[in-house]
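The values are calculated or read from the model by the stated rules, or taken from the named source; none is laboratory data. Everything numeric in this text was worked out from a predicted model, so none of it was measured. Because the Cβ atoms are built from the backbone with ideal geometry, glycine has one as well, and the counts that use them run over all protein chains shown. For the accessible areas, the whole protein counts, side chains as well, though only heavy atoms, and no ligand, DNA or RNA atoms are used. Shrake-Rupley method; radii C 1.70, N 1.55, O 1.52, S 1.80 Å.
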Protein chains: 2
Amino acid sequence: MRTPRDRGVPGAGGTSTINDVARLAGVSIKTVSRVMNNEPNVRPETRDKVQEAATLLHYRPNLLARSLAGSRSFLIGLFYDNPNAAYITDMQRGVITRAREQGYHLLIEPQDSHAPDLVSKISSLLATIRLDGVILTPPLCDMAVVLHAIEAAGVPYVRVSPFLNPGRSPCVRMDETQAAYEMTRHLISMGHKDIGFIRGHPEHGGSHQRYEGFVRALRESQIEPRPEWVKQGYFSYESGVEAGRALFAEKTRPTAVFSSNDYMAFGVMASAQQVGIRIPEDVSITGFDDVPGAMLVWPHVTTIRQPVEALAYAAADILLTRQESEEGEPAPQAPDRLLPFALIERQSVRRL
Amino acid sequence: MRTPRDRGVPGAGGTSTINDVARLAGVSIKTVSRVMNNEPNVRPETRDKVQEAATLLHYRPNLLARSLAGSRSFLIGLFYDNPNAAYITDMQRGVITRAREQGYHLLIEPQDSHAPDLVSKISSLLATIRLDGVILTPPLCDMAVVLHAIEAAGVPYVRVSPFLNPGRSPCVRMDETQAAYEMTRHLISMGHKDIGFIRGHPEHGGSHQRYEGFVRALRESQIEPRPEWVKQGYFSYESGVEAGRALFAEKTRPTAVFSSNDYMAFGVMASAQQVGIRIPEDVSITGFDDVPGAMLVWPHVTTIRQPVEALAYAAADILLTRQESEEGEPAPQAPDRLLPFALIERQSVRRL
DNA sequence: CCACTTAATGACAGCGCTATCAGAGAGCGT
DNA sequence: ACGCTCTCTGATAGCGCTGTCATTAAGTGG
């Protein structure tokens, strides 16, 4: 009778252990370990001998055993609560790309940020699996209780595009204010002076920054934003429709509308269509985010592309680079990494 | 000087071990282990005593140690190579939902199905981390070399919507032929007799099944499909535009067009718009997949919704349920699990 | 009351690695 | 030749659990 852990005939498809390699190479398992971890103080010929044996036996160090014995788990966690599928997969791709360079793996942990037991779930998770680092995306990265739980567990973490608590941890983000500023400059350079704005969800950090960049660009050109042309939205298509409807019901109407994100821009376009306003002949439209669906609506909307995958890569890089060097000292207090965005010009803006 | 593994003052935020619990409860660690794993043969009062101690110490079993000592890793892997973000996140959500019910975690492994070293990457991964199961999605689930590598590693796996090698492993899928059949029946019931069809990528299994369902429904109503109204597409928006253009250039034109997926349907709609054909007044359109962008184009397209999350849940369920019961015996040869799809009626089909 | 099963518990040996430290050589100045 | 450092290597003790098996306590039948 074979027990569940019986690996069968050694070498015949079964996994080989560090012992097998040590025996074949005629050295101790510690030396094999040294070679596998690229530690110094191994004679080149010894190293070769070990490597040859390892190759011959198709030896792969067991990650679980390494984790248990050592101080690393080779696992990094990505925590998120974001309904946007494209954002999530881009994040995952970026993190995994960097993680693989170092033999790390990714554990994904979608979390309901409204769950009452969110913190206990996270604490419990971190106690169960010792992650070498976690990456937090909005809105989780702005929840103090979450940060506290992760800090309490002593796990290094990096936040992506945080709004609150600057400096509390390493962060990666793009300069949203600057992006909105440049988008507004773009509209102005196309001859627009009367520009409307659809604000995003007030609880989302980016909303304020985007508005701020908009206003700054306007004022810089001696244009005063008109309150009746600034409408509140909530980042959803429907809120865009509503905001557009309200905006186009005003006595005078702007020649361009800058929506805080693409979905609202689509909503604005739909509301325009309904009252016979043509885009971009009558009104120019710009969005923000460059969602994949952008290519589905006509005209394609001019927008800002956030470097999501690059942000993710950078976040993982901070985690893994620190892993490499540091061994207990307080981190060298890395400043936020700011990544470049791109203004994508398409057909929704007309030159006046 | 603190070593990296120094956990600091016991109990003070530090993780507690099974030893701490055993000591506090006044039992052996083995008994604690039994309680934590819900094993039988523990007196209720003992169980309570242990549970109390565990709660008091915020004890969480270390997953890594459990994996190494035991026969389970509490990790399941999701392998995919699919550009569709919504599909992937739905899959992940479904798998995670089921996994969490059993304290399992998800490791995601995007793979490039065209990479020359795909197999060695997979073998190496499976040797490094002992996964308790893996879930394969198209196109990976149809690659014999991949199946072989996983079988060689002795890891149980479930395939989602496979096309080839039926019966080689447990599978979950929806009945694509039936869905296409019902969609066609729907068009016929709306009074359409002249129906065009845009085929999908010939290397994707679903393409053939969808076409088959289409033809079956037609023939059942004594309608012979007209070859000049069947165009080849490749599941992309652009291929839809092209197919639509070719279709509308025919001498006579169908009253409805069934596209093998939504993106191509959008393309067909765009090509119709360009030559002044109105949807659905002049031509009705149906899609397949219900991609999220479907709500962005007007009119909203009638389509088939694939139960992606439910498929993922079912796949994980097969893996985890087997885990529970079986201990080495050959699986009871579960037949494929067929999950129900939904026909979503929207505004792109007109009753004749 | 005794052999005889069954339930409840514990002792202990690993799982496959890493960390620590001791030891064996090699090189070198005095 | 001696101690001394420095480089390379191995013996050994865990990491925090689970699996196996032995052991004790409790029940059962004759």
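Within the range A:53-72, if we keep just the residues that are at the interface with another protein chain (Cβ under 8 Å from one of its Cβ atoms) and not in a loop (DSSP other than H, G, I, E, B), the residue that is farthest from DNA strand D (Cβ to nearest atom) turns out to be A:LEU63. Within the range B:22-40, the set of residues being more than 8 Å from DNA strand C (Cβ to nearest atom) and open to solvent by 80 Å² or more (accessible area, probe 1.4 Å) comprises B:ARG23, B:LEU24, B:ASN38. In the range B:76-95, the condition of being under 20 Å from A:SER123 (Cα atoms), buried (at least 21 other Cβ atoms within 10 Å of the Cβ) and aliphatic (A, V, I, L, M) is met by no residue.
Summed over the range A:160-188, residues that are without any contact (Cβ under 8 Å) to a residue 60 or more places away in the chain, assigned to a helix (DSSP H, G or I) and hydrophobic (A, V, I, L, M, F, W, C) total 1. Taken over the range B:41-56, the residue count meeting the criterion of being open to solvent by less than 60 Å² (accessible area, probe 1.4 Å) and either farther than 20 Å from A:SER124 by Cα or among the aromatic types (Phe, Trp, Tyr) (or both) is 3. Scanning the range A:292-309 for residues that are part of a loop (DSSP other than H, G, I, E, B) and without any contact (Cβ under 8 Å) to a residue 60 or more places away in the chain gives A:LEU296, A:VAL297, A:TRP298, A:PRO299, A:HIS300, A:VAL301.
Screening B:TYR104 with (1) more than 12 Å from chain A (Cβ to nearest Cβ); (2) among the aromatic types (Phe, Trp, Tyr); (3) more than 28 Å from B:VAL301 (Cβ to Cβ) gives one miss only, at (1).
Only one of the listed residues (A:LEU106, A:LEU75) is of a type outside the set (D, E, K, R) and either away from DNA strand D (no atom under 16 Å from the Cβ) or farther than 30 Å from A:LEU339 by Cα (or both). That residue is A:LEU106.
Is there a residue being under 15 Å from A:GLY233 (Cβ atoms) and crowded, with 18+ Cβ neighbours inside 10 Å anywhere in the range A:273-284? Outline the logic, then answer.
Filtering the range A:273-284 for residues under 15 Å from A:GLY233 (Cβ atoms) gives none.
No, the range A:273-284 contains no residue that is under 15 Å from A:GLY233 (Cβ atoms) and crowded, with 18+ Cβ neighbours inside 10 Å.
Would you confirm whether or not the range A:87-101 contains a residue that is more than 9 Å from every other protein chain (Cβ to nearest Cβ) and part of a loop (DSSP other than H, G, I, E, B)? Break it down into steps so the answer makes sense when it comes.
Just the residues of the range A:87-101 that are more than 9 Å from every other protein chain (Cβ to nearest Cβ), to begin with: A:91, A:94-95, A:97-101.
When the remaining residues are screened for being part of a loop (DSSP other than H, G, I, E, B), the result is none.
So far as the range A:87-101 goes, no, none of its residues is more than 9 Å from every other protein chain (Cβ to nearest Cβ) and part of a loop (DSSP other than H, G, I, E, B).
So, in the range A:189-245, how many residues would count as being in a loop (DSSP other than H, G, I, E, B), β-branched (Val, Ile, Thr) and within 18 Å of A:SER271 (Cβ to Cβ)? If you could, list the steps in order and put the result at the bottom.
Kept after step one, since they are in a loop (DSSP other than H, G, I, E, B), are these residues of the range A:189-245: A:190-194, A:200-204, A:221-226, A:233-236.
Going one step further and asking which of them are β-branched (Val, Ile, Thr), we end up with A:223.
Restricting the remaining residues to those that are within 18 Å of A:SER271 (Cβ to Cβ) gives none.
Result for the range A:189-245: 0.
Checked against (1) open to solvent by 40 Å² or more (accessible area, probe 1.4 Å); (2) farther than 18 Å from B:GLN92 by Cβ; (3) more than 16 Å from DNA strand C (Cβ to nearest atom), A:ARG98 passes all but a single condition, namely (1).
For the range A:59-73, the condition of being more than 10 Å from DNA strand C (Cβ to nearest atom), closer than 30 Å to A:LEU107 by Cα and buried (at least 18 other Cβ atoms within 10 Å of the Cβ) holds for at least one residue.
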